[in-house]
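The values are calculated or read from the model by the stated rules, or taken from the named source; none is laboratory data. Computed from a predicted structure; not experimentally measured. Positions of Cβ are backbone-derived with ideal geometry, glycine not excepted, and every protein chain shown enters the neighbour counts.
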Ligand code: BGC
C-alpha cells in the first residue's frame, strides 16, 4: 500500500509519501517529501485548498495513495474530523469540517491526527524512539506539542486528546496561553519566548548565539529549559518512559538544550531513577510530522480492513 501524509504547519504544509513495506525489518519506507507555504493568514478555506494542492503534487510525483493522513496543530472532533481548537493558527478554524472537505476532494479516506502525535508515531516507529515501549515526545516550535506511546502504541486517552505536554500548568496564574489557560509550558518555553528573552529574532539565532558563548542567549536557553524540564519531569514521574525524544526547532540547539533538560528531569523526578531515561534529539528532521501523518493513514486503513474481515 502507498499512503500520503500532510503536515499542516503555521508556515509550511509538508507532505511525505510512504510505502507500507520495504523499509528496515519490513517497516514502512518513505518514498519522497515536499512542501509548500501554508498562507495561514488566508484562512481555513484557502488552507484546505493548499492541503489539496500539496496532496495532488505528491500524488502527481509518486502515484495514487490508498489513504491520506493529515497532521493538524491542535484538537479536532474524532467522530466528525471537524477542527475544535488550533491555539496558534490564525483563522476561523473551530467547526471547520476538514476531514469531510478533504475526503470529498481526494476521494480517499482521510485520517486526522494531531501534529505532535504524528511526530511521536514517526519517531517511535522509524526514528529516535524506535523500539521503546514507553516513549514521550515533545516538539518545540511555534507551539509546544507532545505525544506518548504506551506499550508501543500511541496513547490518546478517553477522548483522543492525551499528550498535550505543552499545556501542563507549571506556573499558577502565569502568562496567558493560546489555549485559554494560564501558565502552561507553551508560552513559557516556545520559540517566541526564547527569542524574546535573548533579544534575537528567531530561536535558531539564539542557539547560534549560545554556541558562540553569548551570555544572554545561554541564559534564555536555561530559562526556557527550566519550564520545559518541569513539564518533562512531571510526565516522567507519572509514566517513567524508556526515552524522551525532543524535536522541532531543537535540531539547531542539540546538547545546548538537551543537557539542561536532562539536569532538570534528574533534579525533579528523583523517585523514578531518572538517570535511566535517555533524553535525545529527534532523528527524522522536519519531515517527521508528515511521515507520522502517513503512518496514521496506514493505521486507519489497517483498522478498516481488520474490521471488514
Ligand atoms: C497545540 C498542540 C500542537 C502544538 C504544536 C499546541 O499549542 O495545543 O495540539 O501539537 O501546539 O503545533
Unique residue being away from the ligand (no atom under 13 Å from the Cβ) and within 19 Å of residue 246 (Cα to Cα) when the list is 131, 183, 199, 174: 131
message: Considering only the range 91-101, I want to know if a residue exists there that is modelled with pLDDT under 95 and under 30 Å from residue 235 (Cα atoms).
response: no
query: Residues in the range 16-29: is at least one within 23 Å of residue 142 (Cα to Cα) and in a strand (DSSP E or B)?
result: yes
- prompt: Among the candidates 41, 45, 49, 103, which residue alone is away from the ligand (no atom under 16 Å from the Cβ), in contact (Cβ under 8 Å) with a residue 40 or more places away in the chain and not in a loop (DSSP other than H, G, I, E, B)?
  reply: 41
- prompt: Which members of the range 115-128 meet the condition of being near the ligand (Cβ under 7 Å from one of its atoms) and more than 18 Å from residue 235 (Cα to Cα)?
  reply: 115
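Conditions (1) modelled with pLDDT of 95 or more; (2) surrounded by fewer than 21 Cβ atoms within 10 Å (Cβ to Cβ); (3) under 20 Å from the mean Cα position of the chain (by Cα); (4) outside any loop (DSSP other than H, G, I, E, B), marked per residue:
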position: 238; (1), (2), (3), (4): yes, yes, no, yes
position: 245; (1), (2), (3), (4): yes, no, yes, yes
position: 250; (1), (2), (3), (4): no, no, yes, yes
position: 257; (1), (2), (3), (4): no, no, yes, yes
position: 264; (1), (2), (3), (4): no, no, no, yes
position: 275; (1), (2), (3), (4): no, yes, no, yes
position: 288; (1), (2), (3), (4): yes, no, yes, yes
position: 304; (1), (2), (3), (4): no, yes, no, yes
- line: Flagged pairs (Cβ under 6 angstrom, 6 or more apart or on separate chains; first in the range 166-178, more than 19 Å from residue 145 (Cβ to Cβ) and modelled with pLDDT under 95; second assigned to a strand (DSSP E or B) and more than 11 Å from the ligand (Cβ to nearest atom)) are none
message: I'm trying to understand the selection: among the residues of the range 12-33, which are free of Cβ contacts under 8 Å to residues at least 40 places away in the same chain and either within 19 Å of residue 86 (Cβ to Cβ) or in contact with a helix residue (DSSP H, G or I) (Cβ under 6 Å, 6 or more places away or on another chain) (or both)?
response: 12, 31, 32
field: Identity of the residue in the range 67-94, within 15 Å of the ligand (Cβ to nearest atom) and surrounded by fewer than 18 Cβ atoms within 10 Å (Cβ to Cβ), that ends up nearest to residue 9 (Cα to Cα)
entry: 90
- prompt: Given 219, 225, which one is under 23 Å from residue 87 (Cβ atoms), assigned to a helix (DSSP H, G or I) and out of contact with any strand residue (DSSP E or B) (no Cβ under 6 Å at 6 or more places or on another chain)?
  reply: 225
query: Cβ-Cβ below 8 Å, separation at least six or inter-chain, first residue in the range 133-160 and free of Cβ contacts under 8 Å to residues at least 40 places away in the same chain and within 13 Å of residue 235 (Cα to Cα), second in a loop (DSSP other than H, G, I, E, B) and more than 10 Å from the ligand (Cβ to nearest atom): which pairs?
result: 149/129; 149/132; 149/133; 149/134; 149/155
